[in-house]
Amino acid sequence: MNWLEFLLSLTIGASLILAFIHSLIWASEPRQWAHPMFVATTLLIVIVAVLELALARAEQPHAYAAILRWVQVPVAMIFVTFALFLRFRFQIERLWLAVLACLLRVAALVPNFSVGENLNYVSIASLDRLPLVGGGTALVPNGEPNVWMILGQLANIFLVLFLLDVARSGYLQRMQPLGLRQFRIAGAMAVFAVATSAVYVLVVLGELAIPLVISPGFLLVLLAMSYELGAEHLSAVRLGKALETTETDLRQVERRMQDAVNAASLGLWNWDRGTGFSWMSAVGRQLLGLDSHQDIGLRVILKRIEPSDRRAVLAALRAARAGSDSFQCEFCIGRAQGSRRWIAVRGQADFDPSARVLQMRGVLVDVSERKFAEERFRILVEAAPTAMLVLDASGRIVLANRQAELIFGYDSAELIGMPLEVLVPRPGAEAAAAVPSSFAATPPALIPGMGHELPAIRKGGAVLAVAMTLSQVELSQGASVLVSITDITARKAMERESSLQREELAHLSRVALLSELSGSLAHELNQPLTAILSNAQAAVRYLAHEPPNLAEVSLSLANIVESDKRAGEVIRRLRAMLRKERLEFASLDVNDVITDVLRIVGSDLLSKNVGIALELAPDLPRINGDRVQLQQVVLNLLVNGSDAMTPLATGRLLRVRTQADSQGGLELSVRDVGSGIAPEDLERIFSPFVTTKSDGMGLGLAVCTTIIESHRGRLWASNNDGPGATLHVSLPAPARAPGP
């Protein structure tokens, strides 16, 4: 057996297997007529392959011609099965080309059996043996062509035209899976038909010396047809299994959903306009207080709803019927023993093409706990001693208590719907970093619990000072903002009064302190005045010389000017210390403040035999403060330190030190070598009217404490490891402005 005979045998076996497989498929899908047409085609291919195997083994030309005559019969029948297969598989409507091809092919059987040896040859003179690659030979006929072969070729042409028409139709529908399959199968058949016809004509005319074998080519077409039919069947099988799995999963999901609905106490309901059927789950009936057999019509349900809520329910239903896809509302129902429950209903409506409601479905939820909580919240808000406002997402007031009416002078009806900016205008640029620039954000970007002091406007235009706190709360209408406003106008007035009293007290303290230093101040003024007098007398003497000593006169006058400036500087510092003006905070160098104070009190300290040791750190951070008040603090600390060393005969020393601290500020300390401070008095000495001096009033350190606290600093005392005590002042550096 050569490879050609093996190929024909393989074609027979493969065709029989395909016929068997599709016979089974046809048995499971008897309405699919494409499968029996495919089986018929495969069996006809088997017959053609068997006859071609006989041709390969023919010994005489007349035997070859007789077998070739019978090959035309299954070939003609294949035309019919091809056309029927395409008709049933792809629902082909235009069949006139296929019918014409089949009629011509069947008509060609007449000359096949009556004219010459067969349709292709009038006679076959000889059989040539063609050597095959791999060994063996194949028969190639030599004879006179039969003119009636044209009839068969015309049938082939019409068949190809039919197949091309079917392929074109499939290509136009290529976006659909079936259209693409139609294009592939019809196109493959057309290519095979053209190739087979061309080979047959060339061999019969003697232009091509190859065996007349077409069944292996038919097998390729069969495989393509089988793949398309089998792929759809396998897809249907997979789809069936997937559907079965989906149904199982769906049942499990339904069970889980039912468990979840029951666990969440959700009541399901449905209404169908076509059937007039209304349904509600057991949980829904329980929420509405209905028996399992009781009618659930709209009238029955409306009777259970509080009269004040019926209008809202009917309005929601009308909106749904008017074309709204979804609807929701909340209502209160009365139950036995006078109890009340709040129910929220959420629903969805389906409409027909004419915009009429087909059905409505939704859920019922018991929201009583939330409604009761909101009611308690409203009671608390109403009873609050401060103005309480609730804002919606657009920044408008949706709830205001009685205190808000009293503070702002508006009725509750006027406040509802009003933007908060009408009551509390937008803050200035200085407060923009701390308070949102607009309350119309959705929702406002607020820091819960942060308080802000802002100007507010009362009805009529009066300006109030208020403290405002904002925080987010969750209410039934969604995320809201709770605004707490306290009228601090009276408090701010009291603070201003207290500040004035504090400044008066500080001024009196300075006056009292400077009165104690009157001797030292007189000495400070006597020195430049005496120097002025001496220099003036000297200038007169120099002028009396003959000739006048003008150089010495000029020097004396220059000394007079310097002494006058010194006296003026002493008087300027005294006036600055004694003045009573509003606080003026500015950037200061603490070392300069200390130096100014020492110029005033230096003579007094020398008269008391008190030495000064300065340890002033260079490049200290500047602070923001009032120079006069800080001078008063330094002066008080120096005087207290000096007085603490009065019992000492010698060795009186005050050590004044400045240094930077770890927080970016600075620390000032005044250290004496006196007897120190009793441990129980370390804190008490900063309280008003507490003093360790026999003639003291106990106000100096109290005033200093107030001044340092107004500068956001701290004042404290500590005993030294050795003799004496140290008073410390800590002052912060000014806050930096936020960067760009």
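Among residues of region 544-555 being part of a helix (DSSP H, G or I) and in contact with a helix residue (DSSP H, G or I) (Cβ under 6 Å, 6 or more places away or on another chain), the one that is most open to solvent (accessible area, probe 1.4 Å) is 552. Mind listing whichever residues of region 356-392 are of a type in the set (A, V, I, L, M) and over 23 Å from residue 455 (Cα atoms)? Correct list: 357, 358, 360, 363, 364, 365, 367, 373, 379, 380, 383. Taken residue by residue, region 28-46 has at least one member that is of a type in the set (Gly, Ala, Ser), within 23 Å of residue 181 (Cα to Cα), out of contact with any helix residue (DSSP H, G or I) (no Cβ under 6 Å at 6 or more places or on another chain) and not in a loop (DSSP other than H, G, I, E, B). Checked against the criterion of being free of Cβ contacts under 8 Å to residues at least 12 places away in the same chain, open to solvent by 10 Å² or more (accessible area, probe 1.4 Å), over 22 Å from residue 609 (Cα atoms) and of a type in the set (S, T, N, Q), region 640-659 has no qualifying residue.
For residue 187, are the conditions met, namely being out of contact with any Asp or Glu (no Cβ under 9 Å at 6 or more places or on another chain), not in a helix (DSSP H, G or I) and not acidic (Asp, Glu)? Lay out the reasoning, then the answer.
On the way: out of contact with any Asp or Glu (no Cβ under 9 Å at 6 or more places or on another chain): yes; not in a helix (DSSP H, G or I): no; not acidic (Asp, Glu): yes.
So residue 187 fails the test.
Within region 597-609, if we keep just the residues that are open to solvent by 10 Å² or more (accessible area, probe 1.4 Å) and under 13 Å from residue 656 (Cβ atoms), the residue that is nearest to the chain's Cα centre (by Cα) turns out to be 598.
Residue-by-condition table, conditions (1) in a helix (DSSP H, G or I); (2) of a type outside the set (S, T, N, Q); (3) at pLDDT below 75:
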residue	(1), (2), (3)
279	no, yes, no
290	no, yes, no
293	no, yes, yes
308	yes, no, no
318	yes, yes, no
342	no, yes, no
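Is region 230-240 home to any residue that is within 30 Å of residue 71 (Cβ to Cβ), surrounded by fewer than 18 Cβ atoms within 10 Å (Cβ to Cβ) and modelled with pLDDT under 75? The answer is yes, given that some residue of region 230-240 is within 30 Å of residue 71 (Cβ to Cβ), surrounded by fewer than 18 Cβ atoms within 10 Å (Cβ to Cβ) and modelled with pLDDT under 75.
Checking each residue in region 13-45 for being farther than 15 Å from residue 220 by Cβ, of a type outside the set (D, E, K, R) and touching a residue at least 40 places away in the same chain (Cβ under 8 Å) picks out 21, 22, 25, 32, 33, 34, 35, 37, 40. With respect to the conditions (1) in a helix (DSSP H, G or I); (2) open to solvent by 20 Å² or more (accessible area, probe 1.4 Å), residue 624 falls short on a single one, namely (1).
Annotation: of all residues in region 364-395 being more than 12 Å from residue 341 (Cα to Cα) and β-branched (Val, Ile, Thr), the one that is modelled with the lowest pLDDT is 381. Scan region 50-64 and tell me whether some residue there is open to solvent by less than 10 Å² (accessible area, probe 1.4 Å), out of contact with any His (no Cβ under 9 Å at 6 or more places or on another chain), among the acidic types (Asp, Glu) and touching a residue at least 40 places away in the same chain (Cβ under 8 Å). The answer is yes, given that some residue of region 50-64 is open to solvent by less than 10 Å² (accessible area, probe 1.4 Å), out of contact with any His (no Cβ under 9 Å at 6 or more places or on another chain), among the acidic types (Asp, Glu) and touching a residue at least 40 places away in the same chain (Cβ under 8 Å). Cβ-Cβ distances below 8 Å connect the following pairs, each with a first residue in region 389-413 that is in contact (Cβ under 8 Å) with a residue 12 or more places away in the chain and open to solvent by 20 Å² or more (accessible area, probe 1.4 Å), a second residue that is part of a helix (DSSP H, G or I) and β-branched (Val, Ile, Thr), and a separation of six or more residues or different chains: 399/381.
Say whether the condition of being over 60 Å from the mean Cα position of the chain (by Cα), modelled with pLDDT of 85 or more, crowded, with 21+ Cβ neighbours inside 10 Å and not charged (D, E, K, R) is met by at least one residue in region 14-25. Scanning region 14-25 turns up no residue that is over 60 Å from the mean Cα position of the chain (by Cα), modelled with pLDDT of 85 or more, crowded, with 21+ Cβ neighbours inside 10 Å and not charged (D, E, K, R).
Would you confirm, using the coordinates I've provided, whether residue 105 is open to solvent by 50 Å² or more (accessible area, probe 1.4 Å) and among the charged types (D, E, K, R)? Reasoning before the result, please.
Working: open to solvent by 50 Å² or more (accessible area, probe 1.4 Å): no; among the charged types (D, E, K, R): yes.
No: the conditions fail for residue 105.
Looking across 361, 356, one residue alone is over 30 Å from residue 468 (Cβ atoms), exposed (fewer than 12 other Cβ atoms within 10 Å of the Cβ) and modelled with pLDDT under 80. It is 356.
Being at pLDDT below 80 and surrounded by fewer than 13 Cβ atoms within 10 Å (Cβ to Cβ) holds for only one residue in 678, 737, 702, and it is 737. Just so you know, in region 154-189 the residues that are polar (S, T, N, Q) and surrounded by fewer than 17 Cβ atoms within 10 Å (Cβ to Cβ) include one that is farthest from the chain's Cα centre (by Cα), and it is 173. Among the residues of region 124-148, the ones that are over 13 Å from residue 203 (Cβ atoms) and either open to solvent by 50 Å² or more (accessible area, probe 1.4 Å) or among the aromatic types (Phe, Trp, Tyr) (or both) come to 9 in all.
Under the condition of being crowded, with 23+ Cβ neighbours inside 10 Å and among the β-branched types (Val, Ile, Thr), the residues counted in region 26-49 number 4.
Against the condition out of contact with any His (no Cβ under 7 Å at 6 or more places or on another chain), buried (at least 21 other Cβ atoms within 10 Å of the Cβ) and closer than 28 Å to residue 136 by Cβ, how does residue 9 come out, does it pass? The answer is no for residue 9. Residue 469 meets each of the listed conditions (1) within 28 Å of the chain's Cα centre (by Cα); (2) at pLDDT below 80; (3) part of a strand (DSSP E or B); (4) within 27 Å of residue 367 (Cα to Cα) apart from (4). When residue 590 is tested against the conditions (1) open to solvent by 20 Å² or more (accessible area, probe 1.4 Å); (2) under 53 Å from the mean Cα position of the chain (by Cα); (3) modelled with pLDDT of 90 or more; (4) not aromatic (Phe, Trp, Tyr), the lone failure is (1). Within region 610-639, residues that are more than 18 Å from residue 664 (Cβ to Cβ) and touching a residue at least 40 places away in the same chain (Cβ under 8 Å) have Cβ atoms under 6 Å from residues that are open to solvent by 40 Å² or more (accessible area, probe 1.4 Å) and among the basic types (Lys, Arg) in these pairs: 610/652; 613/655; 615/657, counting only partners at least 6 apart in sequence or on another chain.
The values are calculated or read from the model by the stated rules, or taken from the named source; none is laboratory data. Computed from a prediction, not measured in an experiment: that's the story for all the values here. For neighbour counting, all protein chains shown are included, and Cβ atoms are generated from backbone atoms with ideal geometry for every residue, glycine included. Please note that ligands, DNA and RNA were not included when accessible areas were found on the heavy atoms of the full protein model with its side chains. Shrake-Rupley method; radii C 1.70, N 1.55, O 1.52, S 1.80 Å.
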